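So the structure is just underneath, and the comments pick up after that.
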Amino acid sequence: MSRVLVGVKRVIDYAVKIRVKPDKSGVVTEGVKHSMNPFDEIAVEEAVRMKEKKLASEVVAVSCGPAQAQETLRTALAMGADRAIHVEVAGAEYETLQPIHVAKILAKLSQDEKADIVIVGKQAIDDDSNQTAQMTAAILDWPQGTFASKVEKSDGGLTVTREIDGGLEVIKTKVPAVISADLRLNEPRYATLPNIMKAKKKPLKKITAKDLGIDLAPRIKVVSVEDPPVRQAGSVLPDVDTLVAKLKEGGHV
Amino acid sequence: MSQPHRQAVLHLYKTLLFMGRDWPQGYDLFRKRLHKVFTKNSEETDPEKIKVMIKHGEFVVKEIEALYKLKKYRTMKRRYYDESA
């Protein structure tokens, strides 16, 4: 039986149209709907399924962020996590919070909580860094199974099917290990209203990075955040010859 | 006035309202439509018929859940996996 630690991030909801701040310092987050990172939902689901299959004894959800990160943790609890840890990082520190810091926090917590498996989403849909799982594994010196599309328990360890370019790779790891969830790992359940109500009674511990002895000094500086280029308008051509000429010009034929 | 299945109807209404918060065309539209449907059938007194309606409501809850899941999955797939072959 093992304890599973799941990292969840509160991000701008996937359905929201992102707007860049006029001063190019970031994106508008005030008054915008936020929800749990979809890949983290998959990670939570996988941990909860492990518990349901009696492969895990406890699921602990962790989130680093401002006070509202607790809502995301409640969602994780509603999905079936047993307890939650909120590592409060607010204000300017949160703006420069990077995967390296989160990885350090997760690594420290997995040692403190004696976790056997750490599961995180492969990346967050806001910064798309795709680094947290890898860095956490490196800091802990644990094996990693990234981009998992299937995780099975095999004698003394895990068999992880990974999504790689053009196919799948099957690896065996020992436990403890770090897993990052890919899109096809499972279909996350919907956090229903009664479960969200019940989740309010589950324990949620609040700590700070300082309690864990982790330095949150920024390692990078955001120079500029810009909108992606707008798609150029198409044009209607009078006949086939012009079309062919245009295609040749563009090097398509 | 006897109100058979009152609890179940209230529960269904609350569940649907809660789910409406994620409705793609907005919560307001969902809430108005939901209210209209429930008001329309509010005069029903036959317990059997109400039971059938609750069953239908529960089916709708499942459908909305499936819709949300599929919408999210497809969006993710399009954003991160489409190799536009």
For this session: Determine, yes or no, whether B:Glu44 is more than 12 Å from chain A (Cβ to nearest Cβ) and surrounded by 11 or more Cβ atoms within 10 Å (Cβ to Cβ).
Result: yes
Exercise. What number goes with the only condition from (1) more than 22 Å from B:Arg21 (Cα to Cα); (2) surrounded by 14 or more Cβ atoms within 10 Å (Cβ to Cβ) that A:Gln70 does not pass?
Worked result: (1)
Exercise. Looking at A:Ala191, is it more than 14 Å from every other protein chain (Cβ to nearest Cβ), in contact (Cβ under 8 Å) with a residue 12 or more places away in the chain and within 29 Å of A:Val89 (Cα to Cα)?
Worked result: no
For this session: Output yes when any residue across the stretch A:204-220 is among the hydroxyl-bearing types (Ser, Thr, Tyr) and within 14 Å of chain B (Cβ to nearest Cβ), and no when none is.
Result: no
Seminar exercise, completed: Those helices (runs of 4 or more DSSP H) completely within the stretch A:55-119 that have 1 or more residues that are closer than 15 Å to A:Leu212 by Cβ are A:91-95, A:99-112
For this session: Report whether or not B:Pro24 is closer than 30 Å to A:Gln123 by Cβ, touching a residue at least 40 places away in the same chain (Cβ under 8 Å), surrounded by fewer than 14 Cβ atoms within 10 Å (Cβ to Cβ) and out of contact with any helix residue (DSSP H, G or I) (no Cβ under 6 Å at 6 or more places or on another chain).
Result: yes
Seminar exercise, completed: Every listed condition ((1) exposed (fewer than 11 other Cβ atoms within 10 Å of the Cβ); (2) within 14 Å of chain A (Cβ to nearest Cβ); (3) part of a helix (DSSP H, G or I)) holds for B:Thr39 save (2)
Exercise. Taking the stretch A:28-54 only, how many residues are part of a loop (DSSP other than H, G, I, E, B) and away from every other protein chain (no Cβ under 12 Å)?
Worked result: 7
For this session: Mind listing whichever residues of the stretch B:63-82 are loosely packed, with under 14 Cβ neighbours inside 10 Å and within 10 Å of chain A (Cβ to nearest Cβ)?
Result: B:Ala66, B:Leu70, B:Lys77, B:Arg79, B:Tyr81
Seminar exercise, completed: Of the listed residues (A:Glu52, A:Glu45), the one being at pLDDT 95 or above, surrounded by fewer than 17 Cβ atoms within 10 Å (Cβ to Cβ) and closer than 26 Å to A:Gly156 by Cα is A:Glu52
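Every residue, every condition in (1) part of a helix (DSSP H, G or I); (2) modelled with pLDDT of 95 or more, yes or no:
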residue: B:Phe18; (1), (2): yes, no
residue: B:Trp23; (1), (2): no, no
residue: B:Ile50; (1), (2): yes, no
residue: B:Met53; (1), (2): yes, no
residue: B:Glu63; (1), (2): yes, yes
residue: B:Arg74; (1), (2): yes, no
Problem set entry | Residues being under 17 Å from A:Thr132 (Cα atoms) and either surrounded by fewer than 18 Cβ atoms within 10 Å (Cβ to Cβ) or not basic (Lys, Arg) (or both) - total across the stretch A:87-105 | 13
Problem set entry | Checking A:Gly26 against (1) under 20 Å from A:Asn195 (Cα atoms); (2) over 19 Å from the mean Cα position of the chain (by Cα), the condition it does not meet | (1)
Exercise. Are there any pairs, at least 6 apart or on different chains, whose C-beta atoms fall under 6 Å, with the first in the stretch A:1-27 and away from every other protein chain (no Cβ under 14 Å) and closer than 22 Å to A:Asn130 by Cα and the second assigned to a strand (DSSP E or B) and not aliphatic (A, V, I, L, M), and if so, which?
Worked result: A:Val8/A:Ser63; A:Arg10/A:His34; A:Arg10/A:Gly65
For this session: Evaluate the following for A:Thr159: is it within 14 Å of chain B (Cβ to nearest Cβ) and surrounded by 15 or more Cβ atoms within 10 Å (Cβ to Cβ)?
Result: no
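The values are calculated or read from the model by the stated rules, or taken from the named source; none is laboratory data. What you are looking at is a predicted structure, and each value in this text was computed from that prediction instead of being measured. In this analysis, Cβ positions are derived from the backbone assuming ideal geometry, glycine residues included, and neighbour counts consider all displayed protein chains.
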